[in-house]
Structure formats: structure tokens, C-alpha cells
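First up is the structure itself, then whatever we jot down about it.
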Ligand code: HEM
């Protein structure tokens, strides 16, 4: 009996591209999503588009996992939710790291050549961030329902964290998620100040100053407040 050797050089998946790598990842489409050199107002548009487009991909993964983690929590699968929330947190770390690359641009070249071709484009219209704003409150609600079902206040959950390990881990992941979003905002504010200044208005007329105020926004204020209470309570034990 003869066995035919498989020709690994030939693609087997449907789609365009010479190899399965290109077909599966749809690299033709992906790599045509950036302006061509002929279209560039400035060559740093490639850097600018790469950072924004890749940020949108990681944000998509982050909120998709938060949404699924919420569904898992609602059906009582806390461990499954914990696994996914770790990914959301890591995704935000990557999005945070991507901001470093924007500081490789010259503020003059950005404001003179790139900013004028952005139209009214503004981060307020980022689909990734809009979805983060949409899905994050439901995660908080699902967590607080589980906590209430265990008959615990947030402060009690922290005091008795060793007894309620899963709930404790969840609380810590929620605050980590909240913190990652805020820390991104802080970093973004600094990048904006460094590139266009902090006493100017954005492409949709928003004063950059307002971005500084948004840093204080908390997704899960109860989890932050509990720290204040715990500090007060600990002092009473002195
Ligand atoms: C040179 C780089 C950047 C500059 C100069 C910049 C500038 C600004 C400005 C001025 C605003 C205020 C709204 C407006 O008027 O447009 C804003 C908001 C925002 N930008 Fe950026 N941005 C930059 C990079 C990024 C990147 C890489 C992302 C990643 C997705 C991003 C996402 C956002 C978001 C989500 C907001 C809304 C603020 C919030 O919800 O806290 N920006 N940006």
C-alpha cells in the first residue's frame, strides 16, 4: 500500500493569498488597511495608523472577554470569568504600552502634517472604548449580585477574603480592570500633552484639560471606597 505524501507547500484553506498563513489571517486585507506611501501626508502616518489600529484590536479582545466573563458570572461560573478577566487586564497593558510609540513622532510634524488629515476623528468615537464603557457596568452588577448572595458587604469580603477566595479574586480583578483603564487614561493624557499640548482643544473641540479630569473616573467606586473604610477600621484596632 502506498501512502501519498501531503504537499505542505500548497494551501488548503479557502480565500485569497498564496499560503494558509495569509489566508487564515487575511493578511492581504489587513495590510491594505493603512494608507500607501502615495497617500501619506507624512510618512509617520504609518506609525500613527499602526498604533491606533492595533489598539482597536486589543480593545476588542479586552471588552469581548469582559462581556463573556459577565455572562459566566451570571451563570455562577466564577473561575471561567476569572480566566477571561485576566486576559482583559493583559490586553489593556498592551494598549498602554502601544502609547510609547507615539512619542517617537515629532510634535511639529504631527500637528503640521498628520492632524489636518484626521478630519473630526476623535478618540471619543473609538469603538473599543465605547464598548468598554458599555460592558464594564454589567460586570460590576454581576459581581455585586454574587457578593450580596454571599451576604457580604465589600468591606466584609476583604476582611474575610481567605474564606471567600473566589469572590476575593474577582473583586481584585475588577479593581485591576478599573485601574488599567485609568492608568491608560493617565498615560494617554501625558502623550497628548507631549504631542499637542495641554492647553489646546482636540479635533472635536474638547479641551485637553477635560481628559485630565476623566482620569478620576472610576468604573467600580465601591471597590475603591472600601479601601478607605478598611484603613479606618484597621486604625480602630490599634
Ligand atoms: C498622538 C496621539 C494622540 C493624540 C494627540 C490624542 C488626542 C486626543 C484628544 C485631544 C482627545 C480629546 C477628544 C478630542 O477632542 O479628540 C482624545 C481622546 C481620546 N483618545 Fe486620543 N490621542 C492620541 C492617541 C490615542 C490612541 C493611540 C488611542 C487608542 C485607542 C486614543 C484613544 C482616545 C480615547 C478613547 C479618547 C476618549 C477619552 C476617554 O474616554 O478617556 N488616543 N485623544
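What follows is calculated from the coordinates using simple rules that are stated; it is not laboratory data. What you are looking at is a predicted structure, and each value in this text was computed from that prediction instead of being measured. Note: ideal-geometry Cβ built from the backbone for every residue, glycine included; neighbour counts use all protein chains shown.
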GNM on the chain, C-alpha springs below 10 Å: top fluctuator among 131, 228, 79?
228
Between 167, 118, 152, find the one with the highest GNM mean-square fluctuation for the chain; connect C-alpha pairs within less than 10 Å.
118
Computed FRET efficiency, Cβ-Cβ of residue 24 and residue 203, R0 35 Å: what is it to the nearest 0.05?
0.45
Once the Cα atoms of helix 221-236 and of the chain are each reduced to a long axis, what angle between those two axes, in degrees from 0 to 90 to the nearest 10, is obtained?
40
note: the chain, Cα-Cα separations exceeding 31 Å make up a percent value of 42
Virtual spin-label span in nm between residue 227 and residue 77, 7 Å along Cα→Cβ
3.2
To the nearest 10 degrees, how steeply does helix 165-195 sit against the main Cα axis of the chain, on a 0 to 90 scale?
50
For helix 45-74, report the angle its Cα long axis makes with the longest principal axis of the Cα atoms of the chain; keep it between 0 and 90° and round to the nearest 10°.
40
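Sorting 129, 143 on the 10 Å Cβ count, fewest up front, what's the list?
Working: 129 20, 143 26.
Ordered by Cβ neighbours within 10 Å, fewest first: 129, 143.
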Length-normalised contact order for the range 83-204 - Cα pairs under 8 Å, 6+ apart - percent:
54
Helical mean residue ellipticity (222 nm; -39500 (n - 2.57) per DSSP H run of 4+; nearest 500) of the chain
-20500 deg cm²/dmol
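May I ask you to sort 51, 12, 181 by Cβ crowding, counting other Cβ atoms within 10 Å and putting the fewest first?
By the 10 Å Cβ count, ascending: 12, 51, 181.
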Report, in whole Å, the centroid distance computed from the Cα atoms of the range 115-155 and the range 29-70.
21
With labels modelled as points extended 7 Å from the Cα through the Cβ direction, what inter-label distance (nm, one decimal) is found for residue 35 paired with residue 4?
5.0
Can you give me the P(r) profile for the range 118-238? Cα pairs, bins 5 angstrom wide beginning at 0, each as a whole percent.
2, 10, 16, 18, 14, 12, 10, 8, 6, 3, 1, 0
Candidates 166, 39, 109; GNM for the chain (alpha-carbon contacts under 10 Å) flags as most fluctuating 39
